[in-house]
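Asker: Sharing a structure with you now.
The values are calculated or read from the model by the stated rules, or taken from the named source; none is laboratory data. In this text the structure is predicted, and so the values were computed from the model without any measurement. Here the Cβ positions follow ideal geometry from the backbone for every residue, glycine too, while neighbour counts run over all protein chains shown. Just so you know, the surface numbers come from the protein's heavy atoms only, side chains and all, with ligands and any DNA or RNA stripped out. Shrake-Rupley method; radii C 1.70, N 1.55, O 1.52, S 1.80 Å.
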Amino acid sequence: MYDYVKKQDKEVFEALEGEERRQAEGIELIPSENYVSRAVREANFSNLTNKYSEGYPGKRYYGGQTYTDIVENIARDRAKQLFDCKFANVQPHAGANANIGLYFALLEPGDTVLGMDLSHGGHLTHGHPVTYLTKIFRFVRYKMKNVDTGEIDYDEMREVAKKEKPKIVLAGYSAYPRELNYAKFVEIAREVGAYAVMDIAHIAGLIAGKAMKNPFDAGFDIMTTTTHKTLRGPRGGMILTRENEEVAKKIDKSIFPGLQGGPLMNTIAGKAVCFGEALSPKFKKYAVQILKNAKAMEEVFRKAEIRMLTGGTDSHLILADVFGSIGMPGKEAETLLDEVGITLNKNAIADDTRGPMDPSGIRFGPPAITTRGFKEKECARVAELMVEAMKNKDDKKKLGAIREEIRTLCKKFPIPDVFV
Ligand code: DSN
């Protein structure tokens, strides 16, 4: 690995080697991260990185597209099969581009989007005031009714929808651990003549692996996603349209030439390989195991009496109020756990009284360690070690022992190369 970088560029080589070591010897609990297979890595670093392919298969602006067309068609076909829909655009460079491209496809400047309140788990690209999107579109909000159960306030959502007349009713989140009542979203969207859209970035792998429900089955019109989280592909985005061809055409035009230039064909090859893996029976087992592992971690936190937002999880992530429960701010927990070899992220909790750079919570989950082969027992142990470390933050000896145990666990479960 990295032979040519090693010969040519020592500085970059050392950083790459360091990251290889960090990933191999540490426990990755950021719920939006994962490991890709060697096949996905190879496709992603293939010489398709040399190719310009503006346009879509069969309709490109440059010559030499025999193989790019093959690769993009495979990616699109597999995506459609995975998520049971008629149209797929696999060109968005990222989840953010997928969402931005979608807004521009369906909205005029000044139009309204109804999305999850950002402090209750929504995402930057769902209309955070720091994004340029808010200079162009209006974003209005719904929230959880009860932060201890995660129940969404669907009555409030309906009221806001009737009053504000959104063109998009947007479901989806980056820090909300429960499954939604998809039928309610569709019902409210239909009542006000809006598109029902779900950003499935976090749970795409769980939907593809049939461990969670597919929002298309409840009638959602469009789904946007990243491909690198639970779906376990290369970094990138995608937009799926259930059946409306006119909408799918608008989306294609919006992504190219509206928003992006040449697609990253090497990444699209990685997506194609990842979607092939996700269609395999092994992937279904993987998706189901993520949910079991998250439950095992939830149980340990419950016993340790650390408050979890929404009371726990139905998915791959847990949001814990460590400041409220043990007086440790999220940032301190993130740093402390990093030192013992456990990576996760500090995270705001619903209606957090602390600032976003030093919030009350931590967000974590088992998608990456499940790829390593961890089952409930190992995941529960990792959660126990997290609690032990946080409750013994000044005991250097104890923290050293935890670091050693993490290293041993990682050696026992090396990052695999082959997933199918
Ligand atoms: N940064 C991603 C996450 O971690 O949830 C969302 O874009």
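Asker: Please sort through the DSSP H helices of the chain and keep those with an alpha-carbon extent of at least 18 Å along the long axis and a Kyte-Doolittle average not below 0.0.
Answerer: Span-like helices here: 265-278.
Asker: Expressed as a whole number of Å, what is the distance separating the alpha-carbon centroids of segment 330-344 and segment 1-19?
Answerer: Measuring centre to centre over Cα atoms gives 27 Å.
Asker: Using a Förster radius of 45 Å, what is the FRET efficiency between residue 420 and residue 130 based on their Cβ-Cβ separation? Nearest 0.05, please.
Answerer: Between residue 420 and residue 130 the formula returns 0.65.
Asker: Given points 7 Å out from each Cα along the Cα-Cβ axis, report the residue 155 to residue 4 separation in nanometres with one decimal.
Answerer: The modelled label-to-label distance comes out at 6.4 nm.
Asker: Residue 244 versus residue 42, label points 7 Å from Cα toward the beta carbon: distance in nm?
Answerer: Label-label distance for residue 244 and residue 42, simple model: 4.2 nm.
Asker: Something else now. By average Cβ neighbour count within 10 Å, what is the ranking of 404-414, 360-370, 21-31 from highest down?
Answerer: 360-370, 21-31, 404-414
Asker: Using the heavy atoms of the protein chains alone and a 1.4 angstrom probe, what is the accessible area of the chain per residue in square angstrom?
Answerer: So the chain comes to 44 Å² accessible per residue, rounded to a whole number.
Asker: Right, here's the next one. Could you give the length gained on full extension between residue 302 and residue 288, defined as 0.36 nm per residue of separation minus the Cα-Cα distance, in nm?
Answerer: 2.9 nm
Asker: I've got another one for you. In deg cm²/dmol, rounded to 500, what helix-only [θ] at 222 nm does the chain give when every DSSP H run of at least 4 residues adds -39500 (n - 2.57) and the total is split over its residues?
Answerer: -13500 deg cm²/dmol
Asker: Would you mind working out the magnitude of the charge dipole of segment 224-265 relative to its Cα centre, with +1 at each Lys and Arg C-beta and -1 at each Asp and Glu C-beta, to the nearest 20 Debye?
Answerer: 240
Asker: Moving to a separate point now. Between residue 13 and residue 73, with labels modelled 7 Å along Cα→Cβ, what's the label distance in nm to one decimal, could you check?
Answerer: It works out to 4.2 nm between the two label points.
Asker: To the nearest 20 debye, what charge dipole does segment 270-410 have about its Cα centre, counting +1 at the Cβ of each Lys and Arg and -1 at the Cβ of each Asp and Glu?
Answerer: 560
Asker: For segment 1-151, what % of the accessible area comes from carbon and sulfur atoms, probe 1.4 Å?
Answerer: Using a 1.4 Å probe with all protein chains present, segment 1-151 comes out at 51 percent carbon and sulfur.
Asker: Positive end of the charge dipole of the chain (Lys, Arg +1 and Asp, Glu -1 on Cβ, about the Cα centre): tell me which of 27, 289, 97 has its Cα farthest that way.
Answerer: Sorting the options by dipole projection puts first 289.
Asker: Next question, about the same structure. Residues of segment 252-270 with backbone nitrogen within less than 12 Å of a virtual label 7 Å along the Cα-to-Cβ line of residue 62, please, listed as ranges.
Answerer: Of the residues in segment 252-270, 261-266 have backbone N under 12 Å from the label point off residue 62.
Asker: Right, next: Among 322, 399, 419, whose Cα projects farthest towards the positive end of the dipole of segment 315-420, with charges put on the beta-carbon of Lys, Arg (+1) and Asp, Glu (-1)?
Answerer: Farthest towards the positive pole: 419.
Asker: Could you grab the relative contact order for the chain? Cα pairs under 8 Å, six or more apart, rounded to a whole percent.
Answerer: Reported relative contact order: 23 percent.
Asker: Before anything else, pin down the relative contact order of segment 251-329: Cα pairs under 8 Å, at least 6 apart, normalised by residue count, whole percent.
Answerer: 19 percent.
Asker: Which value, in debye to the nearest 20, describes the size of the charge dipole of the chain about its Cα centre when Lys and Arg Cβ atoms bear +1, Asp and Glu Cβ atoms bear -1, and nothing else is charged?
Answerer: Result for the chain is approximately 680 debye, rounded to the nearest 20.
Asker: Which order do 80, 213 take by accessible area at a 1.4 Å probe, largest first?
Answerer: Highest to lowest solvent-accessible surface, that is 213, 80.
Asker: What whole number of Å gives the distance from the Cα centroid of segment 187-216 to the Cα centroid of segment 119-140?
Answerer: 19
Asker: Please compute, for the alpha-carbon atoms of segment 85-242, the extent along each of the three principal axes and give them in descending order in Å.
Answerer: Cα extents, longest axis first: 39, 35, 29 Å.
Asker: Can you give me the relative contact order of segment 154-224 as a percent, contacts being Cα pairs under 8 Å and 6 or more apart?
Answerer: Contact order relative to length: 34 percent.
Asker: For the chain, give me the percentage of DSSP beta bridges that are antiparallel, rounded to the nearest 5 percent.
Answerer: Bridges in the chain that DSSP calls antiparallel: roughly 55 percent.
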